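A short worksheet on the structure shown next.
Each value in this text was obtained by applying a stated rule to the coordinates, not by laboratory testing. Please read these numbers as outputs of a predicted model, since none were measured by experiment. Virtual Cβ from ideal backbone geometry, glycine too; neighbours counted across all protein chains shown.
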């Protein structure tokens with residue numbers, strides 16, 4: 001036990017003495033949390049909108065006015081021809097083009113229906129889908145207005161049936177994207193810092209030769225690994241704490257659940273990450289190699305974590321892979337506990353799996369640390 | 001094991017693939033002796049030493065250090081030996097005191113004992129002024145001395161020194177050997193590799209390794225007689241040239 | 001010149017001797033492209049929902065069948081009371097609950113209107129919103145069938161063309177992004193580390209006192225990475241064309257040239273990082289922590305830049321990845337030529353010159 005304390009003491013001293021690294025460990029992640037949480041939004045706003053109007057009538061102008069009034073559509077450009085409009089789309093100056101044909105009003109009055117051309121830049125398929133929904137909504141509401149105008153003449157009987165859906169968004173009534181992303185980015189930062197630092201740690205001692213000096217001492221392998229784990233665990237929890245503070249103070253993210261539970265789960269999770277880091281560190285010969293491997297897994301873990309894109313949408317085989325991704329569980333748990341107030345029993349499945357990972361990874365870390373070769 | 005033999009080596013061999021770095025060496029070291037382990041660069045000295053201190057497994061052969069087998073009881077050996085590597089291996093970003101404390105702690109010394117020891121060591125080396133300076137800022141000669149003291153912190157029975165005086169000036173080398181004598185005088189067995197032949201003269205007995213084999217082993221005096229040489233340098237050149 | 005070629009050869013040996021890194025260097029783009037292409041999409045599919053049906057009549061059954069038949073939803077469970085909603089949400093699997101009001105059929109017949117409450121777990125607002133919209137769409141379809149005989153009022157029908165990506169495939173969005181991330185990080189990280197390593201080990205001084213000129217040393221160090229990055233770019237493009245059927249509407253040669261330009265920009269950034277960091281550790285943390293998230297988040301790779309707050313839109317302009325993504329999308333999906341992307345190309349070129357200029361300046365200061 002005593003031996004472990006000496007290692008912990010030494011690691012802390014080294015961390016706090018490295019003036020070049022301190023800002024990278026503490027300041028950079030927090031700045032990123034503050035800035036990038038604003039960037040991570042799937043909201044589609046400020047849509048670059050243009051139109052071609054071949055029908056210069058009051059109806060067509062009323063329709064354009066409707067788009068103008070909407071908060072989603074930002075830049076309204078009037079293009080004299082389709083050709084110029086599609087040129088602008090190629091240039092990336094406009095993403096949605098509305099095309100009002102000639103005789104739009106006449107057709108509408110005569111045949112009670114008329115067509116409208118909508119062209120959407122669909123390279124970002126998801127955004128295009130949403131843009132389409134907005135366009136449709138505006139046109140539907142325009143239809144409704146017209147219906148009201150003509151309903152004086154309409155027949156009362158034989159009305160169509162209707163089902164009204166009442167949407168109700170729980171835990172995040174205003175659909176604030178930051179509430180969703182802040183915990184997610186916090187997860188990333190805690191994970192990246194602890195993984196990279198632990199991944200470089202042992203291999204660094206290998207490179208500078210101090211590991212050999214330690215290998216000739218009677219220290220037990222498990223003592224050594226535990227001594228290495230602990231400081232980074234504290235570091236990870238410190239970053240979590242500052243991150244939570246920022247989440248609360250800067251972003252006003254609700255914290256419904258138990259803080260204690262969050263810290264308890266995070267501690268186990270960080271052990272998993274550190275186990276992976278130390279395992280990589282033992283397995284590699286240079287820091288460069290270690291970082292490269294750590295980075296490789298990090299990118300895959302991030303993308304497969306459900307952080308940015310929903311896991312349910314993945315094909316079955318990919319969902320199976322995500323079962324082995326510790327980041328996925330951390331993202332789930334942090335969001336569940338913070339935003340929904342899930343309790344111990346609710347997160348028990350994630351907790352148990354994370355615990356199993358922690359045991360396996362740290363077992364591997366101890367096993368792969370070879371004092372003799 | 002004979003009581004006064006703290007290192008006994010028999011047919012110790014290490015292969016790396018096809019290459020035999022250490023080829024069936026056999027020798028023993030007596031308690032309290034300063035044993036010089038000589039050889040040219042690449043002769044296999046460091047590899048042999050790494051097997052004796054339990055961080056490298058022998059391919060074949062036997063070795064017994066401080067009463068324990070290197071194959072099966074490496075961790076027991078580690079409690080009884082000190083080691084100073086040829087590459088400086090203290091933490092540059094810790095102070096002299098912190099390095100001593102850390103290694104003392106790893107060897108399981110109590111805080112009180114560490115405090116006593118570090119005060120004593122710092123006094124002996126005359127390092128009071130730099131005790132709280134980062135090791136990285138000290139000149140190489142000082143670092144080596146600190147390294148040596150750290151390897152003795154747990155009062156080991158045997159201390160292994162791998163080219164301890166590489167790259168330092170003659171005066172510091174002299175001082176370093178005084179430290180070695182002092183340790184030997186206090187009953188520590190010293191196992192030292194070097195390629196400075198003048199240093200070989202300070203040893204009680206020396207072995208000379210050529211291409212993984214021990215080609216000569218005796219007191220410096222007898223070796224000089226045997227090879228009809230002026231000094232150890234001459235002995236070495238005669239051996240190395242075959 | 002001969003000396004210089006010898007030096008480049010040495011750099012290649014260094015890289016090819018490290019099998020593990022090499023394996024990752026080439027394994028990574030393949031693994032990432034495949035994962036992205038097959039697994040990662042922000043469309044929703046098979047979302048687990050729960051049903052709270054207070055009426056349990058023929059109509060609600062029909063609607064529930066319709067919903068469970070769609071590929072978007074799978075019904076995870078039926079719950080009996082409002083209180084259970086909270087419980088299923090807290091477990092985390094169920095993302096939405098459809099709450100049918102009492103006497104659903106009756107109301108529909110009597111008053112021509114009935115209510116369904118769509119309760120979504122909006123911790124993920126995007127998914128919540130999409131679920132809400134999809135449920136609505138399914139109900140609209142149902143109503144259209146039911147109202148067949150009824151005369152509809154005036155109607156304007158939008159005819160929507162989704163251009164450049166008619167099937168709304170996410171791959172089209174992700175392939176340019178992954179390519180950018182990989183080229184950026186591999187080039188910037190590997191060069192910054194390999195140069196700082198020479199500094200740390202002291203071998204840089206040896207190289208600098210050799211008859212090689214300093215810029216030859218630097219070019220020699222980055223050359224192998226240009227080569228490796230180009231191979232990576234080729235792998236990615238080939239995979240995206242043959243496995244994901246990404247079109248290349250524009251010129252393949254232009255795409256290649258632009259990729260090389262971007263690789264050089266990233267290498268220049270790597271050189272700059274190496275001039276400001278003393279140890280490998282610092283270089284790595286700067287290139288990993290400093291580049292990874294901004295490149296993922298601020299480049300328009302996953303999140304649309306136009307939706308970001310104005311200050312971030314401004315910041316995104318200094319991210320080289322943003323411009324490269326615009327270029328790739330333009331060439332591959334829109335089929336534009338240089339006349340449409342010369343601006344972006346010039347910006348990348350300018351950034352490259354700036355990074356190199358700054359490195360040279362920093363470098364000189366240190367030598368003096």
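Across all C-alpha atoms in chain B, the radius of gyration and Dmax reach 17.9, 54 Å.
In chain C, helical runs assigned H by DSSP with n ≥ 4 each contribute -39500 (n - 2.57); averaged across all residues and rounded to the nearest 500, the mean residue ellipticity at 222 nm is -22000 deg cm²/dmol. If you average the C-alpha positions of the stretch A:61-93 and of the stretch B:9-55 separately, how far apart do those two centres end up, in angstrom? The two parts, judged by their Cα centres, are 83 Å apart. Both numbers refer to the Cα atoms of the stretch C:47-146; Rg and Dmax are 13.1, 38 Å.
For the stretch C:248-368, the direction-averaged projected area of the alpha-carbon convex hull comes to 8.4 nm². The value obtained for the stretch B:113-242, namely the Cα convex hull volume divided by the number of residues, is 124 Å³ per residue.
Hull surface divided by four, with the convex hull built on the Cα atoms of the stretch A:12-58: how many nm²?
On the way: hull surface 24.5 nm².
Convex hull of Cα atoms, orientation-averaged projection: 6.1 nm².
Rounded to the nearest 500, what is the 222 nm mean residue ellipticity of chain B from helices alone, with -39500 (n - 2.57) per DSSP H run of 4+ residues and division by all residues? Don't skip to the answer; put the middle values down first.
Details: 9 runs with 89 residues, N = 242.
So the calculated ellipticity at 222 nm is -11000 deg cm²/dmol.
Overall, the anisotropy analysis places the stretch B:165-242 in the prolate class: the square-rooted eigenvalues a ≥ b ≥ c of its C-alpha gyration tensor yield a/c not less than 1.5, with a/b exceeding b/c.
Fraction of C-alpha pairs exceeding 26 angstrom in chain A: 63 percent, rounded to a whole number. The DSSP beta bridges internal to chain C are antiparallel in roughly 30% of cases.
Look at B:137, C:359 and count the other Cβ atoms within 10 Å of each Cβ; fewest to most, that gives B:137, C:359.
With neighbours defined as other Cβ atoms within 10 Å of a residue's Cβ, the residues B:76, C:258 order from fewest to most as B:76, C:258. The stretch A:178-368 gives an Rg/Rh value of 0.99, both radii derived from C-alpha positions and Rh following Kirkwood.
Counting only alpha carbon atoms, the long axis of helix C:2-17 and the longest principal axis of chain C meet at about 40°. When A:342, C:68 are arranged by Cβ crowding within 10 Å, least crowded first, meaning fewest neighbours, the order is C:68, A:342.
Quote the Stokes-Einstein diffusion coefficient, in whole µm² s⁻¹, for chain C, based on the Kirkwood radius over alpha carbon pairs, a temperature of 37 °C and a viscosity of 0.692 mPa s. The calculation lands on 133 µm²/s. When DSSP beta bridges are restricted to pairs lying wholly in the protein assembly as shown, around 35% turn out antiparallel. Cα centroids of the stretch B:146-213 and the stretch C:297-343: 65 Å apart.
Run the paramagnetic zone check for residue B:76: 7 angstrom along Cα to Cβ, then residues of the stretch B:151-177 with backbone nitrogen under 17 Å. Counting backbone N atoms under 17 Å from the label point, the list is B:157-158. Between 0 and 90 degrees, the angle of helix C:19-34 with respect to the longest Cα principal axis of chain C falls at about 30 degrees.
Working from label points 7 Å from Cα in the Cα-to-Cβ sense, the residue C:167 to residue C:231 distance is 3.2 nm. Once you sort the root eigenvalues of the Cα gyration tensor of the stretch C:31-78 as a ≥ b ≥ c, which label holds: rounded (a/c under 1.5), prolate (a/b larger than b/c) or oblate (the other case)? Cα axes put the stretch C:31-78 in the prolate bin.
Helix B:96-106 and the longest principal axis of the C-alpha atoms of chain B enclose an angle of approximately 70°.
Simple spin-label estimate for residue A:86 and residue A:317 gives 3.9 nm between the two label positions (7 Å along the Cα-to-Cβ direction from each Cα). If you average the alpha carbon positions of the stretch C:193-262 and of the stretch B:122-144, how far apart do those two centres end up, in angstrom? Between the Cα centre of the stretch C:193-262 and that of the stretch B:122-144, the gap is 46 Å.
Looking at chain A as a GNM with Cα springs under 10 Å, which of A:326, A:80, A:29 has the largest mean-square fluctuation? Evaluated over chain A, the most mobile residue of the options is A:80. Here the simple spin-label model places points 7 Å from the Cα toward Cβ, and for residue C:206 and residue C:223 these points are separated by 1.9 nm. Across C:253, C:271, C:235, mean-square fluctuation computed from a Gaussian network of chain C (C-alpha pairs under 10 Å connected) peaks at C:253.
Can you give the FRET efficiency for residue C:253 and residue A:113, using 1/(1 + (r/R0)^6), R0 = 60 Å, r = Cβ-Cβ distance, to the nearest 0.05?
0.80
Taking a temperature of 20 °C and a viscosity of 1.002 mPa s, what whole-number D in µm²/s does Stokes-Einstein yield for the protein assembly as shown with Rh from Kirkwood over alpha carbon pairs? All intermediate terms of the calculation are to be shown ahead of the outcome.
On the way: Rh = 32.9 Å.
D, rounded to a whole number, is 65 µm²/s.
Per the helix-only calculation at 222 nm, which mean residue ellipticity applies to chain A, given -39500 (n - 2.57) for every DSSP H run of n ≥ 4 and division by its residues, nearest 500 deg cm²/dmol?
Details: 14 runs with 231 residues, N = 373.
Rounded to the nearest 500, the figure is -20500 deg cm²/dmol.
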